[in-house]
Structures are given as C-alpha cells and as structure tokens.
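J.: One structure follows; several queries about it will come next.
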Amino acid sequence: MNKEFLQRYFVAGSQNFPDLTLPEYEERIALIMQSGITAYQFREKNPTLSFDEKQALAMRLREKARELAVPFIVDDDVALAIAVEADGIHVGQDDMPITDVVAQVAGQMIVGLSVRNKAEMVAAQSVMGIDYLGVGPVFATTTKADAATPLGLDGLATTLNANAKQLPTVAIGGITLEDLPALHQSGVDGVSVISLLSEAPDVRTVIDEMKEQWRTL
Ligand code: 3NM
C-alpha cells in the first residue's frame, strides 16, 4: 500500500452537509474529490436513507471516485465495501472485530482500523493484515458525537510510540490548518478531516493550503 494516500484523507456522509439535497451532496463530494484530496471515506450516517438508497449512493460515489482516481474507502460496513468493490474498508474499535474484517478482505482491499489510545495501538500491533491506523481524536471534535477523549499532541506522541511495527498512521479529530505543522512533526503520514472541508467555503483553497503546509515542512 502506498501510504501517500493518507495525506489528505477526507471523510464524509450526507449528514455532514445538512443544507444540501442528496444530488447537491453528490456534486459537492465530486468537487472535493477533484480538488486534491488523496482518499475519500464513505461514512454515511443519514438515518432517513434506506438500505437500498445508501447502497445506491455508495455505488454512484464509488464510480465517481474511480473516474477521478481517488481511493474509495467504506466506513464500518464490510459487506457494502465488498458489494461496491471499494478500495478499502475502515473500522472502529466498536465495529466488526478487526480479525473478522481481515479474514474477509485482507489482500483484496486496504484495511484501516481506528485506535484511540496507547492500549489500542499496542493491541493493533499483533493483528496481521492491518494496512493503516487512524489515530484520534487528537483534538476535540463536534462532528462525531461519541468520540473518545481527545489525545492532544502529547497523547498522540505516546500512542505513536507504541506503533512498534510502524504501520502507516493518519491523525483524526478536530484538525484545522493551523494544526498541520505539529501533526507533520508528530510523524503521522497524513490527516483525516471532515469539517475542515465540509465547512470550507472554498475547498480548493483549503486543500491547496493543506498541500502547501505538508510539502514545506
Ligand atoms: N472519527 P472533524 S473523530 C469520524 O476519533 C471521526 O475516531 C474520529 O471530524 C475518531 O474533522 C471523527 O470535523 C470526526 O473533527 C472528525
């Protein structure tokens, strides 16, 4: 796996764009995919979508991602990831157990796991088949209601120190442009964001700035 894809990893579902209709949401995601992100995670949590609507939406966005050569990662749902031929699957600690995920798809698609602290980082070291780790929340976030206590930069450093296998890592949680120098310094391979891009009035400018910050460090 080329870990460069973690550099500007955008996560979103239609719930993150409450002012847009579904077609407008799809257009916005396509625009963001075209503006320089390195991966997109389909994290759809809109309770008004039926199973079929969610699957159809995933399929359309998956096609768009393929056209634009943006890696398409599905959050949480292994069956959906397989059904839409995703490039990857990302699971949290409370989703399907990582060993089950690996057993189903390792070698066929990228496997990502969230770790929230040093203990989870240590545990992840002994699971074969994980391609990258999401570490967070680093900072306070209002985007994920059940997010754990923020690690802060010190907690991030402690957690990364326990990454004995040096698996690729991506930081998540409350990340703004101002945080990029410190996060780059921490040794993570990239940043995963929702609101930095979902709330940006001009996504291209923000993504260009993300690139610039990471490149010049
Ligand atoms: N997962 P924002 S924090 C989806 O800690 C997600 O695992 C997190 O959104 C975790 O960039 C988070 O707006 C929300 O803070 C990230």
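The values are calculated or read from the model by the stated rules, or taken from the named source; none is laboratory data. Just so it is clear, the structure is predicted and the values come from calculations on it, not from any experiment. Here Cβ is always computed from backbone atoms with ideal geometry, including for glycine, and neighbour counts include all displayed protein chains.
J.: Find the strands (runs of 3 or more DSSP E) located wholly in region 115-217 whose residues include 3 or more that are buried (at least 17 other Cβ atoms within 10 Å of the Cβ) and touching a helix residue (DSSP H, G or I) at 6+ places or on another chain (Cβ under 7 Å), and list them.
T.: Working: elements: 132-135, 169-172, 190-193.
Of the strands (runs of 3 or more DSSP E) lying wholly inside region 115-217, those with at least 3 residues that are buried (at least 17 other Cβ atoms within 10 Å of the Cβ) and touching a helix residue (DSSP H, G or I) at 6+ places or on another chain (Cβ under 7 Å) span 132-135, 169-172.
J.: Go through region 177-200 and give me each residue that's over 17 Å from residue 135 (Cβ atoms) and within 13 Å of the ligand (Cβ to nearest atom). Quick ask: steps written out before the conclusion?
T.: Step one: of region 177-200, the residues over 17 Å from residue 135 (Cβ atoms) are 177-178, 181, 195, 197-200.
Within region 177-200, 177, 195, 197, 198, 199, 200 meet the criteria.
J.: Moving on. Which of the numbered conditions does residue 118 fail, given that it passes all the others? Conditions: (1) touching a residue at least 40 places away in the same chain (Cβ under 8 Å); (2) away from the ligand (no atom under 16 Å from the Cβ); (3) among the charged types (D, E, K, R).
T.: Of (1) touching a residue at least 40 places away in the same chain (Cβ under 8 Å); (2) away from the ligand (no atom under 16 Å from the Cβ); (3) among the charged types (D, E, K, R), only one is false for residue 118: (2).
J.: Let me ask another. Among the residues of region 139-149, are any within 13 Å of the ligand (Cβ to nearest atom), acidic (Asp, Glu) and modelled with pLDDT of 95 or more? Show your work before the answer.
T.: Let us first name the residues in region 139-149 that are within 13 Å of the ligand (Cβ to nearest atom), namely 139-149.
Then keep just the ones that are acidic (Asp, Glu); that gives 146.
Applying the additional criterion that residues be modelled with pLDDT of 95 or more yields none.
Checked against the condition, which is being within 13 Å of the ligand (Cβ to nearest atom), acidic (Asp, Glu) and modelled with pLDDT of 95 or more, region 139-149 yields no hits at all.
Here is a yes/no grid of residues against (1) out of contact with any Phe, Trp or Tyr (no Cβ under 7 Å at 6 or more places or on another chain); (2) at pLDDT 95 or above; (3) within 13 Å of the ligand (Cβ to nearest atom); (4) farther than 20 Å from residue 92 by Cα:
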{"residue": "160", "(1), (2), (3), (4)": "yes, yes, no, no"}
{"residue": "168", "(1), (2), (3), (4)": "no, yes, no, no"}
{"residue": "210", "(1), (2), (3), (4)": "yes, yes, yes, yes"}
{"residue": "214", "(1), (2), (3), (4)": "yes, no, no, yes"}
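J.: Considering region 74-96 alone, what residues qualify as being acidic (Asp, Glu) and more than 15 Å from the ligand (Cβ to nearest atom)?
T.: Of everything in region 74-96, those that are acidic (Asp, Glu) and more than 15 Å from the ligand (Cβ to nearest atom) turn out to be 85, 87.
J.: Also: Can you spot a residue in region 40-63 that is farther than 26 Å from residue 117 by Cα, without any contact (Cβ under 8 Å) to a residue 24 or more places away in the chain and of a type in the set (Val, Ile, Thr)?
T.: Within region 40-63, one or more residues are farther than 26 Å from residue 117 by Cα, without any contact (Cβ under 8 Å) to a residue 24 or more places away in the chain and of a type in the set (Val, Ile, Thr).
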